[in-house]
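First the structure, in the form of structure tokens, and then the observations on it.
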Amino acid sequence: MKKATVGAVVVGTAAAVAVAALIMRHRMGKSSKWARARGILKEFEEKCATPDGKLKQVADAMTVEMHAGLASEGGSKLKMLISYVDNLPTGDEGGVFYALDLGGTNFRVLRVQLGGKDGGIIHQEFAEASIPPNLMVGTSEALFDYIAAELAKFVAEEGEEFHPPPGRQRELGFTFSFPIMQTSINSGTLIRWTKGFSIDDTVGKDVVAELTKAMQKREIDMRVSALVNDTVGTLAGGRFTNKDVSIAVILGTGTNAAYVERAQAIPKWHGPLPKSGEMVINMEWGNFRSSHLPLTEYDHAMDTDSLNPGEQIFEKICSGMYLGEILRRVLLRMAEEAGIFGEEVPPKLKNSFILRYFLLTIELLVLVQNTLSNAQTTARLCYLPAFCCCSGYQLIKLEYADALITVEKNICRTPEMSAMHHDTSSDLRVVGDKLKDILEISNTSLKTRRLVVELCNIVATRGARLAAAGILGIIKKMGKDTPRECGPEKIVVAMDGGLYEHYTEYSKCLENTLVELLGKEMATSIVFKHANDGSGIGAALLAASNSVYVEDW
């Protein structure tokens, strides 16, 4: 009996020891996996580091590339396109002007009434239309006839108070967001179509001439005064209300910058010097590249998988289209190597750009509500149907990503990452909800949620600080980076784009970084101004500043 009892005790003890060993191994395994996750995060953080010294090297490299791009065509990764805009709005413009914004599968027409000196924008209204798919691959004549027909409807609804005086044509600013070779303020030939358009007989033609021909067929008495891109339009919109605006930056789906350059500092400009002595340059800075950029294995892999490998490198680490995708790739590696979401890798985490395209219905409803509460941004609602139609609340293949650029002013293009980064709840509830809703990952620990927020901060901080370095490069090129004898010259930067507008942590970091890089003496000279709707209002303002009826204001 005693032997049996002793045997039972021994067996029980052995079992307890085995269970304890299993628990210990499980805990050690979890500890080891967590250490691996932290190791991946630390390595990523180190490779994304942007100390001030590195940022100043990036700024200097940007300045060098700007000089090269201004010297000759093709001399730099920066195109440094001459916009032919040498008359920016002054705030004295008056009258009624139209804008046509063709940026993708939808287009807008706007009517804007300006009040003259100190009168500002008195009235604005818009109409929006979708372009039928068959016209996107048809003929040039069919496309522009359709656009002119919609424009004619809008003009026909013009109130009597907006009618032009007898003998005077209506004037229009045309935002055409496709690659063109501009030849004057109101002419430019199409280089190629993007965003799902493929109309061969338009390539090589003057798009203003095509639109004018279509307007004449519809008997629309209107002339195109300015052909612009949205970044130049943002600069115009900023200058209209603040004469010190000299730089414009868009940070949304993609990114770009424009600035005011001295005409004499543009070697590749062979025309007569403009009376103003200035010329707006469209930098196309998304294509900037430098050995000083802190690129990681995740950036290189994303670039390789993209539709344009080796191109738009600066854009791929700074803009809203890509930040969420970088985050996804780091999380995927952590899931595979450290099991941060459990034994199985969540299937949806393997879907490229899932953190960019997925939007809950409630988020759209909140956006609509917020937009309706702001009279000045009501016109921007026209893009929402385009987004809903294109996405169907589902993932969109990367091939069609650039067809969504038209919505970038309404929705932060990395909305889920932004929401998680901004989560201030004690249990990081928003992070948990996003992981569950988007990736179908339930019951994440607080420790895991904190890890996700840390990753968001690393990705956003790198992008924001590099964007600030880019702006510093422009300021250096303009010779405004050091104080003058009479004190520092005011530098006002017009900003637009959903990333800047809605991702608060990103925009705050960008602004603070630029102040930090400029130093104490220059800190008070830099001002950021949010300028809405460069592609719409900005185009109308440029039509006004380049009007043939300037003397009539």
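Key figures
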quantity	calculated
Two-decimal Rg/Rh across region 261-362, once Rg and the Kirkwood Rh are taken from alpha-carbon atoms	1.21
Residues of type lysines that K436 reaches as a straight line, Cα spacing below 24 Å, ignoring anything fewer than 8 places off in the same chain	K30, K33, K348, K350, K397, K447
Calculated SAXS-style log₁₀ I(q)/I(0) at q = 0.17, 0.20, 0.31 Å⁻¹ - region 508-553, Debye, Cα scatterers	-0.67, -0.71, -1.05
Extended-chain gain in nm, criterion 0.36 nm per residue less alpha-carbon gap, T241 and K47	65.7 nm
Residue-span extension gain [R192 to E485] - 0.36 nm each, minus C-alpha spacing	100.6 nm
Protection proxy ranking of 220-233, 309-322, 31-44 - average other beta-carbon atoms within 10 Å, highest first	220-233, 309-322, 31-44
Distance histogram for region 407-553 (every C-alpha pair counted, 10 angstrom bins, percent rounded to whole numbers)	10, 28, 26, 21, 10, 4, 1
Å³ per residue enclosed by the Cα convex hull of region 277-332	98 Å³
Region 136-232 - percent relative contact order, Cα under 8 Å, separation 6 or more	40 percent
Whole-Å semi-axes of the ellipsoid equivalent to region 152-249 (Cα gyration tensor, √5λ, descending)	24, 23, 11
Whole-Å distance, taken between Cα centres, linking region 443-499 and region 186-223	37 Å
Cβ-based charge dipole, region 30-188, positive-most Cα from G75, N186, V96	G75
More than 12 angstrom apart: percent of Cα pairs within region 173-226	64 percent
Stokes-Einstein D in µm²/s, Kirkwood radius over Cα pairs - region 73-116 at 10 °C with 1.306 mPa s viscosity	115 µm²/s
Cα-derived Rg to Rh of region 38-121, Kirkwood definition	1.22
Packing rank of 101-114, 438-451, where each peptide gets the mean count of other beta carbons within 10 Å, highest leading	101-114, 438-451
Whole-number accessible area per residue in Å² for region 470-514, which is evaluated in the context of all protein chains at 1.4 Å	37 Å²
Radius, Kirkwood style, for region 136-192 when every pair of distinct Cα atoms is counted (Å)	14.0 Å
Ratio of the Cα radius of gyration of region 204-317 to 2.2 N^0.38 Å, where N counts its residues	1.41
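The values are calculated or read from the model by the stated rules, or taken from the named source; none is laboratory data. In this text, all values refer to a predicted model and were calculated from it rather than measured experimentally. All Cβ positions, glycine included, derive from the backbone under ideal geometry; neighbour counts span all protein chains shown. Surface accessibility is based on the protein's heavy atoms, side chains included, excluding ligands, DNA and RNA. Shrake-Rupley method; radii C 1.70, N 1.55, O 1.52, S 1.80 Å.
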